[in-house]
Amino acid sequence: MSPLNSDLRLRIVDLVCSGGGGHIPSSFSVIDILDCVYSKYIRPHDFDHQQESKYTFTLSKGHAACALYSVLHKYGYLTSADLETYLQYSSILGGHPDCTKVPGAEASTGSLGHGLPFTVGRALAAKIAGSDKVFFVLVGDGECHEGTIWESAIVANNLNLRNLVVLVDYNKSSDQICPHNSLYEQFASFGWYCLKADGHDPDQINAAMQNAVESDTSKPRVIVFDTIKGYGVPMLEGHGPWHYKIPNIEELSIIREALSS
Amino acid sequence: MSASVLDMKAAFPKAIEKIGKLSDKVVVVVGDIGHFALQGFAKDNPNRYYNLGILEPTLVSVCAGLSKEGYIPIGHTIAPFIAERSLEQIKLDFCYHSLAGNLITVGSSFDYATLGCTHHCYTDLGLLSSYPNTEVCYPSSARELVALLIQKYDSSRLTYYRMSRASHGVNLPDIKFGTNIVVRPGTDITLLASGPQLKTALDISTLLDDKGYTAEILYCHTYKPFDTNTLQESVSKTGKLFVIEEHIYNGGLASTALLSAVMVDHNLKFDYHCIPDTFIRKYGTYPEICEGLGFSAAALYPKVINLLQ
């Protein structure tokens, strides 16, 4: 059985191979979550890319840029011609997203720990304005080492930012360095409304997202998604040399085989 | 405490209250500094005032997020925690995103004289000037603070205001953002000063008068964009430039002024007095640290005379 979103995963691999750089395993761990966010929330409410959408998504772990670009392409924000220029001198698509250039990108990220506090400010603005906007922001578990994540957790709870939904890509990057005891418990102890889901199961992703968006709680929400780095291609899964590696021809063939079998 | 210090402290919350009335887009975010002083604004605008807590990097990012959604953020806390601790948030969340807003600090330089290096900040003006999409100013009187804030709070860039604790005590006319003020005309040497050190420059000029020299005194309240025209006009006349500022010697007014002045006079005679490349490990009062670092007319007069002879 082929993994979910094999087409998007192949697009990620094609980008990395054509551009000569990128993070394949980190992009594979988030791609199923991003596809749900865009298919269920962003795209249906953002018909012409001009009017403000009710939902926005920010990729705080900017090194998963290829996942973002693949999804933005699938939902019509980027063209195939845009993707062909990835990492080239005059391209709008760099190794980390630049929201001043990339249609549909909500923040320029890369240095970890910025996307969440930035989005806290946006969510606060919406609260002040009395708007019904909802802000999704995806952070990595490694990123959750950053102090600004927990500063933001304090502030969002204190301000009752119920329009903020944090999506944690718990792909176990942190476990190899400085493990978290439990990200779910940590956010819970900061007063957040916490959910868990399998980040590669579309039904679980959708159910958790719906729960987070529709819950009556006044608190900010977090979904800790259990994910696998490189999910879908056994050769890429887990941690090691594939974090920032470009496949050679033989390896590319193995990847294609895994994603089409 | 001098009357001028009280003036600056009182002017800040009044200026914020005034701006709050000018635009309902202004949102004030503080890091538990100025919280009581700003209660007037907070009571008038309960939905537009937030004391976030002691988490300055997030304070800066939150301000950038507010700006992204169309609000006019005013972030406020102590200078080192904004300009140094939160520098990456300034660089990425404001400047790289080309977002506008205001960061107003207290406690720059060695204003918190007794608190030591953790609460000193001699690098802020240079650091903030070094990124694209910033404006940097240094109001050192109540009138300047109010004037500059009203002129720039709704700018299209990130505007940094280093609010000095002490004032130079001079009632300056025509305060216009981005324009140096000719405080006193002269022909023999240009004394360029910022912040409370304007008073030192005036004291030096009095000593020079006794020797028959007339100093032209320029006062700089806007570091970026720097007013090159006024300076170049002055040094074209005097051929000599002496800069006094409470900032580390590189990246501040001295280096900016030198680059500007030397373009019109390659034979320019130049010297400066800034904070040296070392940590200030003394305590005491602000005037005592000024004296210890040589920020006085008596200490600087020989350096200035040396340029004139």
Please pick out the residue among B:285, B:238, B:228 that is touching an Asp or Glu at 6+ places or on another chain (Cβ under 8 Å) and of a type in the set (S, T, N, Q).
B:238
Subset of segment B:23-54 [within 23 Å of residue A:56 (Cα to Cα) and either buried (at least 24 other Cβ atoms within 10 Å of the Cβ) or outside the structural domain of residue B:93 (by TED's automatic domain parsing) (or both)]:
B:27
Consider only pairs whose beta carbons are under 9 Å apart and that are at least six residues apart or on different chains; among these, list those whose first residue lies in segment B:229-243 and is among the charged types (D, E, K, R) and whose second residue is assigned to a helix (DSSP H, G or I) and surrounded by fewer than 23 Cβ atoms within 10 Å (Cβ to Cβ).
B:240/B:307; B:240/B:308
Look at residue B:166 and say whether it is not in a helix (DSSP H, G or I) and not acidic (Asp, Glu).
yes
Just give me the residues in segment B:195-228 being touching a residue at least 60 places away in the same chain (Cβ under 8 Å), assigned to a loop (DSSP other than H, G, I, E, B) and under 20 Å from residue B:129 (Cα atoms), in sequence order.
B:220, B:221, B:225
Being assigned by TED's automatic domain parsing to the domain that holds residue B:142 and within 23 Å of residue A:151 (Cα to Cα) narrows it down to one residue among B:57, B:13; which is it?
B:57
Matching entry among B:267, B:306 (being more than 23 Å from the chain's Cα centre (by Cα), part of a loop (DSSP other than H, G, I, E, B) and over 26 Å from residue B:118 (Cβ atoms))
B:267
Taking segment A:127-165 and keeping residues facing chain B (nearest Cβ under 8 Å) and either touching a residue at least 40 places away in the same chain (Cβ under 8 Å) or buried (at least 21 other Cβ atoms within 10 Å of the Cβ) (or both) leaves A:148, A:151, A:152, A:155
Taking the condition assigned to a helix (DSSP H, G or I) and within 14 Å of another protein chain (Cβ to nearest Cβ), does residue A:116 pass?
yes
Residue among A:63, A:96, A:73 that is within 14 Å of chain B (Cβ to nearest Cβ) and in contact (Cβ under 8 Å) with a residue 24 or more places away in the chain
A:96
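The values are calculated or read from the model by the stated rules, or taken from the named source; none is laboratory data. Predicted, not measured: the structure shown is a model, and the values here were computed from it. Because the Cβ atoms are built from the backbone with ideal geometry, glycine has one as well, and the counts that use them run over all protein chains shown.
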